[in-house]
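I have placed the structure first, in the form of structure tokens, so that the comments after it can refer back to it.
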């Protein structure tokens with residue numbers, strides 16, 4: 001669920017909860033569904049004002065008191081605030097609304113006797129009640145919700161930090177191999193050397209400027225992948241069979257940065273060997289709301305050092321997919337004896 005959708009859902013829940021809470025004194029009044037107008041009855045008025053004050057305390061405690069005082073190690077001051085709030089909620093309604101016997105003394109017409117609630121005459125007296133009980137319930141609810149929100153926020157921050165770290169793990173061996181290829185082109189005074197340097201520079205700029213974003217345009221991500229593949233092709237010769245096919249239009253679509261490249265990088269790591277024939281196929285299909293990636297390669301380069309192997313990179317990518325595309329992606333990996341195949345489909349953002 002997107003952040004905006006979740007916030008809207010939370011706001012609707014708060015509004016619904018507030019309306020239901022304010023309705024409690026109405027539906028629990030013994031004079032409900034009687035000819036008496038509830039808002040002319042002093043006990044109901046005091047009860048209604050008390051619920052309004054409790055609702056205000058809930059939001060004040062949740063939004064301000066807890067983060068401002070409790071979570072900043074100012075618990076003594078926070079306790080004083082709680083006591084003051086309880087006293088206000090307990091005594092302010094009585095100060096605002098004068099009691100019934102004072103009205104009798106001043107000549108007012110007393111309200112008719114309560115007839116009780118027709119639907120639940122015996123249930124309400126059995127329920128716990130009282131100013132202190134109500135205050136403790138509202139305090140506990142706001143406290144638990146705020147603590148839960150704080151823990152969730154901390155977990156999300158930790159996940160974001162981890163995701164940023166995973167995205168920052170650029171494989172240095174790709175850079176070294178590319179520089180070696182460019183160096184070889186320079187020695188040969190090849191016309192491809194300046195173009196290769198520009199492509200590498202563009203890739204590094206993309207990693208530095210775009211990888212920290214939550215999403216990037218799919219068009220930019222595809223340019224990054226094409227530049228990467230073009231640079232890797234510098235290492236290819238006639239013994240390599242290579243296919244790269246892109247179908248669909250990336251314009252106007254978004255994706256998490258650097259989420260596809262580890263699978264493509266893995267194919268070139270294990271699928272290129274100057275001493276053996278190899279086959280690498282990369283297909284990317286883009287539809288209105290979905291992207292499908294298929295990468296298949298022969299295993300012809302198995303003599304890699306532990307630093308060059310990409311198992312950790314693939315594990316990190318799987319973690320990122322689980323975090324960034326929960327229930328919005330499907331990943332199938334077929335690790336066979338001579339071939340390695342990846343099928344990934346994900347919902348575009």
Q.
With crowded, with 17+ Cβ neighbours inside 10 Å and closer than 17 Å to residue 203 by Cβ as the only criterion, which of 234, 272 stands out?
A. 234
**Q.** Top-ranked residue of segment 275-285 - restricted to ones that are in contact with a strand residue (DSSP E or B) (Cβ under 9 Å, 6 or more places away or on another chain) and more than 15 Å from residue 226 (Cα to Cα), ranked as surrounded by the most Cβ atoms within 10 Å (Cβ to Cβ)
**A.** 278
Q: Please tell me if residue 275 is part of a loop (DSSP other than H, G, I, E, B), modelled with pLDDT under 95 and closer than 21 Å to residue 240 by Cα.
A: yes
Q. In segment 248-261, how many residues are surrounded by fewer than 18 Cβ atoms within 10 Å (Cβ to Cβ) and on the phi > 0 side of the Ramachandran plot?
A. 2
Q: Would you be able to tell me the number of residues in segment 290-319 that are crowded, with 18+ Cβ neighbours inside 10 Å and at pLDDT 80 or above?
A: 8
(Q) Looking at 264, 245, can you tell me which residue is surrounded by fewer than 20 Cβ atoms within 10 Å (Cβ to Cβ), under 21 Å from residue 231 (Cα atoms) and in contact with a strand residue (DSSP E or B) (Cβ under 7 Å, 6 or more places away or on another chain)? (A) 245
Q | Within segment 278-305, tally of residues that are in a strand (DSSP E or B) and either outside the structural domain of residue 331 (by TED's automatic domain parsing) or in contact with a helix residue (DSSP H, G or I) (Cβ under 9 Å, 6 or more places away or on another chain) (or both) | A | 13
Q: Evaluate the following for residue 257: is it in contact (Cβ under 8 Å) with a residue 60 or more places away in the chain, in contact with a helix residue (DSSP H, G or I) (Cβ under 9 Å, 6 or more places away or on another chain) and closer than 23 Å to residue 199 by Cα?
A: yes
Q. Can you name every residue in segment 198-225 that is assigned to a helix (DSSP H, G or I), under 32 Å from the mean Cα position of the chain (by Cα) and surrounded by 14 or more Cβ atoms within 10 Å (Cβ to Cβ)?
A. 203, 206, 207, 210, 218, 219, 220, 221, 222, 223, 224, 225
Q. Does residue 195 satisfy the criteria of being surrounded by 18 or more Cβ atoms within 10 Å (Cβ to Cβ) and part of a helix (DSSP H, G or I)?
A. no
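The values are calculated or read from the model by the stated rules, or taken from the named source; none is laboratory data. Note that the structure is predicted; figures quoted are calculated from it, not measured. Reconstructed Cβ throughout: ideal geometry from the backbone, glycine too, with neighbour counts over all protein chains shown.
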